[in-house]
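The next block holds one structure in the form of C-alpha cells; read it before the comments.
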C-alpha cells in the first residue's frame, strides 16, 4: 500500500460516525461513503478492481488484487488494517473464475482468514468489472 492511496481519502464526521471518501463523483450522488467507522467497527463499501487510470485489467486476479488495495487504503484511512478484517463478501460475474479470485484473496489475507462469501451475480456496475469485494473490520 502506498501512502499516495491512503492520502486520497477525505475523513469527515457524520452523525457520530467517521466516513472516508475517495472523491468519487458517485459518492454524493448515491449518498454513500467508501468506508464508515462507528466505534471499533469499520465497514468498507463494495470495491471493484478499477485502476487509477479508470481502466480494468482483463485478468480476474489483478482485479481482485486492485479491489483489495482499495479496501486496504480505506481501512488505513480510518485507522484500521487488513489484520482487523473479520469478513469479506465477493461478488463475481462468472463463477468459473472463482479459483483465480479466491487465490488472490488468499494471497492477501493468508493466515488472517476472515469469514467470507463468494457469489455469482449477473452484472456489476461496469461491464469490464469481474469482481466486487466489500469488507467489515473490527479494531481493538
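Data for the structure
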item	result
Residue match in the range 49-58 (condition: surrounded by fewer than 17 Cβ atoms within 10 Å (Cβ to Cβ) and under 18 Å from residue 13 (Cβ atoms))	no
Output for the range 115-140, where each listed residue is within 11 Å of residue 68 (Cβ to Cβ) and surrounded by fewer than 15 Cβ atoms within 10 Å (Cβ to Cβ)	none
Residue 20 being part of a helix (DSSP H, G or I), in contact with a strand residue (DSSP E or B) (Cβ under 6 Å, 6 or more places away or on another chain), touching a residue at least 40 places away in the same chain (Cβ under 8 Å) and surrounded by 17 or more Cβ atoms within 10 Å (Cβ to Cβ)	no
Any chance residue 113 is over 25 Å from residue 11 (Cβ atoms) and more than 14 Å from the chain's Cα centre (by Cα)	yes
Single residue of 103, 68, 112, 78 found to be touching a helix residue (DSSP H, G or I) at 6+ places or on another chain (Cβ under 9 Å) and buried (at least 16 other Cβ atoms within 10 Å of the Cβ)	68
Every residue from the range 24-37 that is out of contact with any strand residue (DSSP E or B) (no Cβ under 6 Å at 6 or more places or on another chain) and farther than 24 Å from residue 108 by Cβ	25, 26, 28, 29, 30, 31
Verdict on residue 95 being more than 15 Å from the chain's Cα centre (by Cα), exposed (fewer than 15 other Cβ atoms within 10 Å of the Cβ), more than 17 Å from residue 134 (Cα to Cα) and in contact (Cβ under 8 Å) with a residue 60 or more places away in the chain	no
Count - residues of the range 127-136 that are touching a residue at least 12 places away in the same chain (Cβ under 8 Å) and over 28 Å from residue 86 (Cβ atoms)	1
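Since every read-out is calculated from the coordinates, none of them should be taken as a lab result. Note that this is a predicted model, so its numbers are computed, not measured. Heads up, the Cβs are rebuilt from the backbone with ideal geometry, glycines too, and the neighbour counts pull from every protein chain shown.
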